[in-house]
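The values are calculated or read from the model by the stated rules, or taken from the named source; none is laboratory data. What you are looking at is a predicted structure, and each value in this text was computed from that prediction instead of being measured. A quick note on method: Cβ atoms are made from the backbone with ideal geometry, for glycine too, and the neighbour counts reach across all protein chains shown.
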Amino acid sequence: MSLLVVGSVALDSIETPFGISERTIGGSGTYISLSASYFTSNVNVVAVVGNDFPEKGITTFHQHGVNTDGIQVKENEKSFFWHGKYHHDMNSRDTLVTELNVLGDFDPVIPESYQGCEYLMLGNLTPKVQQTVIERLKKRPKLIVMDTMNFWMEPQFIDDLKTTMKMVDVVSINDEEARQLSGEYSLVKAAKKILTMGPKYLIIKKGEHGAFLFHNDQIFFTPALPLEEVFDPTGAGDTFAGGFIGYLADIDDISFDNMKRAIVYGSAMASFCVGKFGTDGVVTLEGDALAGRVREFVDLVQFEIAMV
Ligand code: AMP
């Protein structure tokens, strides 16, 4: 099934206790598309970059079969730039710089060939732009998943965010963001509240502690894979989202049971992402590595118990 991905295609500077990488290729749209490309060959991206975005970035998309017809290149403008610094435990980070640049007035254009897509993944981006993309699709996709972050929960954006949330099926956020959005500390209470704001499904990511899926009164949880080494968590959430929607688009089944499997595939993809710097972990995945990781997940959580 065809998948449309909208998100930031960016230049990132990343600092972790293991090193610094400056102005490397990143962005939510990048991680999502590359991750989804391991599941479906029909990935189409809509984004905007400045002419400082390296050709290598576009080549990487093409090497993964991602259609970039929907990436606008703005002459004499700068790409979205983000600079993040991780603390020692790698679970928390500070955003040191967010320069919207070309994202500031991004007017997403959907190429005619993208119309009719069955699956839509709205990566972390201005909520207004996410909304515009939905409005510009002639036919509503079968499933719309939206990722967002605390930056868009600030007073100047929150109304737009709430409007967009009413237009989607699945919202994907992390635990801190769920608490901020709902004003509830308990994630179960937070999820209940957020599910009244529009989406039918809610994913709450908890970094190295796994991810929840909420739907009506149903809850599913998977841990993250315990890894010996984590080099750079940047993009893990987006890589997770790409694996989640990529798997759904491949199997073309949006039942709760299949979404559980998609959560495991998303988590497996995220485990590759954090093992290397920047996009390196999702660019270099070989052969049956993914199947191996999914097997590790199954082994990790499967047990038998005699109920008396
Ligand atoms: P994650 O680690 O999954 O939260 O994603 C990190 C990626 O999100 C980086 O590659 C950034 O370029 C991108 N990013 C950070 N802040 C924003 C923002 N406000 N809007 C869009 N993309 C962002």
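Say whether the condition of being part of a helix (DSSP H, G or I), surrounded by fewer than 17 Cβ atoms within 10 Å (Cβ to Cβ) and modelled with pLDDT of 95 or more is met by at least one residue in the range 103-112. Within the range 103-112, one or more residues are part of a helix (DSSP H, G or I), surrounded by fewer than 17 Cβ atoms within 10 Å (Cβ to Cβ) and modelled with pLDDT of 95 or more.
For Ile144, the test of being out of contact with any Asp or Glu (no Cβ under 6 Å at 6 or more places or on another chain) and either at pLDDT 95 or above or crowded, with 22+ Cβ neighbours inside 10 Å (or both) is failed.
Might you let me know whether the range 86-102 holds any residue that is within 21 Å of Phe244 (Cα to Cα), within 11 Å of the ligand (Cβ to nearest atom) and at pLDDT below 95?
no
Where strands (runs of 3 or more DSSP E) fall wholly inside the range 189-237, the ranges with 3 or more residues that are buried (at least 22 other Cβ atoms within 10 Å of the Cβ), touching a helix residue (DSSP H, G or I) at 6+ places or on another chain (Cβ under 8 Å) and of a type in the set (A, V, I, L, M) are 201-205. Taking the criterion of being assigned to a helix (DSSP H, G or I) and among the acidic types (Asp, Glu), the residues of the range 238-264 that qualify are Asp238, Asp250, Asp257. The set of residues in the range 239-279 that are in contact with a strand residue (DSSP E or B) (Cβ under 9 Å, 6 or more places away or on another chain) and under 16 Å from Tyr86 (Cβ atoms) comprises Ala270, Phe277, Gly278.
Kindly indicate whether any position in the range 139-148 is in contact (Cβ under 8 Å) with a residue 40 or more places away in the chain, in contact with a Cys (Cβ under 8 Å, 6 or more places away or on another chain) and away from the ligand (no atom under 16 Å from the Cβ). Let's see the steps before the verdict.
Let us first name the residues in the range 139-148 that are in contact (Cβ under 8 Å) with a residue 40 or more places away in the chain, namely 141-143, 145-147.
Checking the rest, the ones that are also in contact with a Cys (Cβ under 8 Å, 6 or more places away or on another chain) come to 141.
Okay, now just the ones that are also away from the ligand (no atom under 16 Å from the Cβ), so 141.
Scanning the range 139-148, I find at least one residue that is in contact (Cβ under 8 Å) with a residue 40 or more places away in the chain, in contact with a Cys (Cβ under 8 Å, 6 or more places away or on another chain) and away from the ligand (no atom under 16 Å from the Cβ), so the answer is yes.
Residues being away from the ligand (no atom under 11 Å from the Cβ) and exposed (fewer than 13 other Cβ atoms within 10 Å of the Cβ) are entirely absent from the range 78-85.
Does the range 181-189 include one or more residues that are under 19 Å from Ala36 (Cα atoms) and more than 14 Å from the chain's Cα centre (by Cα)?
no
Do we have Ser33 as surrounded by fewer than 19 Cβ atoms within 10 Å (Cβ to Cβ) and either in a helix (DSSP H, G or I) or away from the ligand (no atom under 16 Å from the Cβ) (or both) here? Spelling it out, it is not the case that Ser33 is surrounded by fewer than 19 Cβ atoms within 10 Å (Cβ to Cβ) and either in a helix (DSSP H, G or I) or away from the ligand (no atom under 16 Å from the Cβ) (or both). Being part of a strand (DSSP E or B), without any contact (Cβ under 8 Å) to a residue 60 or more places away in the chain and within 28 Å of Arg140 (Cα to Cα) is a property that holds for Thr68.
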